[in-house]
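Asks: Here's a structure for you.
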Amino acid sequence: MRFTIAREKLQEGLTAVAASIPAKTTLPVLANILVETTERGIRLSGTDLDIAVSTEVAADVESAGAITIPAKKLTEIARELPPAPVKIGAAGEQRVTLECGRSRFKLLGLPRDEFPTFPTVRFNESWRVRSGDLQKLISHTSFAVSTEESRPILNGVLWELRPDRMRMVATNGHRLSKMELPITSAGAPSNDLIVPPKALEQIRRLYPAEEELEIARGDNHLGFRSPFTSVFTRLIEGPYPNYEQVIPKDNDRVAIADKQALASALKRMSVIASDQTHRIRLSFNAGMVKFSVQTPDLGEAQDELPVRYTGDQLDIGFNATYLLEILRYIPTEEVKLTFKAPERAATLEPEGWNDPAKYLCLVMPLRLVD
């Protein structure tokens, strides 16, 4: 195998694949990048057995072949190379040579046969989705997934695909985020997928917003592809909890607040809040919300903020961290909060958002101990 590639193209390809390569692994070949020649240039692939990424970059191929090269060292070398074309060759199954300007490197690779094969995903029944729409869903929901190992199903994002819309939902049992977008993807079947957030992060990072992606499902894998880059991920299996039943339909107390001012007040109160519960008390009445926090052995704090509030007076406790996290993703300057009672779920939505997407977050209250 021999080919010549522009330094920038090599760096671009390595950057795309590098994030899929595990930092620690018991299988030596997983620390390597698979380099194969193709009709259009070379294909670089990496995997940690859960997620696999492969991308094609332009190169002048002299002789065809394939080999795996240590990813970390190849990336570090590529980063330091002088601005000149890079010549890469493989003699036999393991020896790799790299030349650029006056620099010469020899690396030990591993034979291509040791590299795991990618999952089979047939793209004949696929959804077509604009990358920007997908990125919007991912960035507004995936923050809410659970990181606890006890309920693995909540470690993933539920992605509902329908012929006319797609929706993503994520929750850890204490807070939930849900976003829905209209789409036109004719011919593809409806499907519910539970996708690891790490895979979604790769999708968000790799594909430009205007690119159209083809998405297809294998047995328990999901494949994404554009003309040059493919990503495969293992799906999380099992039924996702029925989240619809926890979303309140009859919240009749409504507050509309300035998002920035609300976040600032919550941050100030968080300083005194307990490190374990982060509990803050919010008291809503006409035109004002009062914040108060009392932590034994530390002290107390109060603050207040003008809001537009309709409904009966309400005292309710929240984990400030969850509220702040949700506010970070609310896309409008004002936020609408709805409540029913001190022990019932509250919702947060963007106020005055002229957008085809529908966005709703939910947070469970904390018991107030007087």
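Asks: What number of residues within the stretch 207-224 are under 16 Å from Ala52 (Cβ atoms) and assigned to a loop (DSSP other than H, G, I, E, B)?
Replies: Counting residues in the stretch 207-224 that are under 16 Å from Ala52 (Cβ atoms) and assigned to a loop (DSSP other than H, G, I, E, B) gives 4.
Asks: How about the stretch 254-370: which strands (runs of 3 or more DSSP E) wholly inside it have at least 2 residues that are under 19 Å from Arg175 (Cα atoms) and open to solvent by less than 60 Å² (accessible area, probe 1.4 Å)?
Replies: Here the list reads 279-285, 314-319, 334-339, 346-351, 358-363.
Asks: Take the residues in the stretch 36-66 that are in contact with a helix residue (DSSP H, G or I) (Cβ under 8 Å, 6 or more places away or on another chain) and assigned to a loop (DSSP other than H, G, I, E, B); name whichever of them is surrounded by the fewest Cβ atoms within 10 Å (Cβ to Cβ).
Replies: Residue satisfying both the conditions and the ranking: Leu49.
Asks: Further question on the same structure: Ala188: at pLDDT below 95 and either over 27 Å from Lys340 (Cα atoms) or not charged (D, E, K, R) (or both), yes or no?
Replies: So Ala188 passes the test.
Asks: Do you know which of the residues in the stretch 188-224 that are over 17 Å from the mean Cα position of the chain (by Cα) and open to solvent by 80 Å² or more (accessible area, probe 1.4 Å) is farthest from Met166 (Cα to Cα)?
Replies: Per the criteria, the residue is Asp219.
Asks: Looking only at residues in the stretch 185-206 that are part of a loop (DSSP other than H, G, I, E, B) and either without any contact (Cβ under 8 Å) to a residue 40 or more places away in the chain or touching a Leu at 6+ places or on another chain (Cβ under 6 Å) (or both), which one is nearest to Ser131 (Cα to Cα)?
Replies: Per the criteria, the residue is Ala186.
Asks: Then there is this: Considering only residues that are within 21 Å of Pro83 (Cα to Cα), surrounded by fewer than 17 Cβ atoms within 10 Å (Cβ to Cβ) and among the β-branched types (Val, Ile, Thr), which ones fall in the stretch 1-34?
Replies: Answer for the stretch 1-34, where residues must be within 21 Å of Pro83 (Cα to Cα), surrounded by fewer than 17 Cβ atoms within 10 Å (Cβ to Cβ) and among the β-branched types (Val, Ile, Thr): Thr4, Thr15.
Asks: Now for a separate question. What strands (runs of 3 or more DSSP E) lie completely within the stretch 67-175 and have 2 or more residues being open to solvent by 60 Å² or more (accessible area, probe 1.4 Å)?
Replies: Hits in the stretch 67-175: 86-91, 103-108, 127-130.
Asks: Cβ-Cβ below 6 Å, separation at least six or inter-chain, first residue in the stretch 21-39 and closer than 12 Å to Arg112 by Cα and touching a residue at least 60 places away in the same chain (Cβ under 8 Å), second of a type outside the set (Val, Ile, Thr) and part of a helix (DSSP H, G or I): which pairs?
Replies: The qualifying pairs are Val29/Glu114; Asn32/Ala71.
Asks: Which residues, counting only those in the stretch 289-305, are out of contact with any strand residue (DSSP E or B) (no Cβ under 6 Å at 6 or more places or on another chain) and of a type outside the set (Ser, Thr, Tyr)?
Replies: Initial filter on the stretch 289-305 (out of contact with any strand residue (DSSP E or B) (no Cβ under 6 Å at 6 or more places or on another chain)): 295-299.
Matches in the stretch 289-305: Pro296, Asp297, Leu298, Gly299.
Asks: Next question. Collect the residues in the stretch 55-81 that are without any contact (Cβ under 8 Å) to a residue 24 or more places away in the chain and over 17 Å from Ala16 (Cβ atoms), keeping them in residue-number order.
Replies: Once the filter is applied, which keeps residues that are without any contact (Cβ under 8 Å) to a residue 24 or more places away in the chain and over 17 Å from Ala16 (Cβ atoms), the stretch 55-81 yields only Glu80.
Asks: Just one of the numbered conditions (1) more than 15 Å from Tyr322 (Cβ to Cβ); (2) in contact (Cβ under 8 Å) with a residue 40 or more places away in the chain is not true of Glu160; which one?
Replies: The number of the failed condition is (2).
Asks: Looking only at residues in the stretch 225-238 that are touching a Lys or Arg at 6+ places or on another chain (Cβ under 9 Å) and in a loop (DSSP other than H, G, I, E, B), which one is least open to solvent (accessible area, probe 1.4 Å)?
Replies: That would be Leu235.
Asks: Which of (1) among the polar types (S, T, N, Q); (2) within 17 Å of Leu137 (Cα to Cα); (3) in contact with a helix residue (DSSP H, G or I) (Cβ under 7 Å, 6 or more places away or on another chain); (4) without any contact (Cβ under 8 Å) to a residue 60 or more places away in the chain does Thr171 not meet, given it meets every other one?
Replies: Every listed condition holds for Thr171 apart from (4).
Asks: Okay, moving on. Quick check on Val289: is it within 15 Å of Val335 (Cβ to Cβ) and touching a Gly at 6+ places or on another chain (Cβ under 8 Å)?
Replies: no
The values are calculated or read from the model by the stated rules, or taken from the named source; none is laboratory data. In this text, all values refer to a predicted model and were calculated from it rather than measured experimentally. Methodologically, a virtual Cβ is constructed for each residue, glycine included, from the backbone with ideal geometry; neighbour enumeration extends over all protein chains shown. Remember, those area values only see protein heavy atoms, side chains included, never the ligands or the DNA or RNA. Shrake-Rupley method; radii C 1.70, N 1.55, O 1.52, S 1.80 Å.
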